[in-house]
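Worksheet: one structure, shown below.
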């Protein structure tokens, strides 16, 4: 009889404690003390620095992503416009004069560099060394286009290193914040001598929040870095193809000029 009297009281005590823990969980989950910004500003200095740093890295990454996407779109459009003029069959000298010293895209910049080198050399100057002049001119033109292409591609690659660094470092920084938050949770348990949800919830929430901030900063940076790098590589291959084709055109022009000079007896 005594045991039967105790069992209902024990069951009632367990149910009451479970109900209290559930109520505490609901209060913690719905309370304003664990809202996003309140957790950021109420956290300790280390956690606050981690979360704000990751947030700033995410904002700057998005600024770079938007700028690169817009720049590449504009560069590709201008390059298509230049290619249509280049392959239209018009005079290259007139095209060069229309562009002047202000090329609008990397492809036209390579064209200007090659034409500038072409106009600096007069292969008709001497009959004896005309062949050597033609070979030397061809090499200088190819070198000028290569230097121009490297310069333009380097300009497109500017600030891409930040995206790569953010994609690789941000998860580790978030993991550091997670470890720090868990340490704070254990310190709260030791200080309050209680393992209730109210004692450990803030530290666990901060830990999970820093992990989320790290992923928010890293995922877009990695995806954008891979996409933009692939686009830049394809555009660089397009520039290399143009350089090869234009070099072949100038090489034929050099040979034709030398042949005409020989036929004229110069």
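The values are calculated or read from the model by the stated rules, or taken from the named source; none is laboratory data. Keep in mind that what you see is a predicted model, and the values were worked out from it rather than measured. FYI the Cβ positions are ideal-geometry reconstructions off the backbone, even for glycines, and counts take in every protein chain you see.
A few remarks follow.
- Residue 133 passes every criterion in (1) modelled with pLDDT under 90; (2) touching a helix residue (DSSP H, G or I) at 6+ places or on another chain (Cβ under 8 Å); (3) surrounded by 14 or more Cβ atoms within 10 Å (Cβ to Cβ) apart from (2).
- In the range 16-32, the count of residues that are surrounded by 15 or more Cβ atoms within 10 Å (Cβ to Cβ) and at pLDDT 50 or above is zero.
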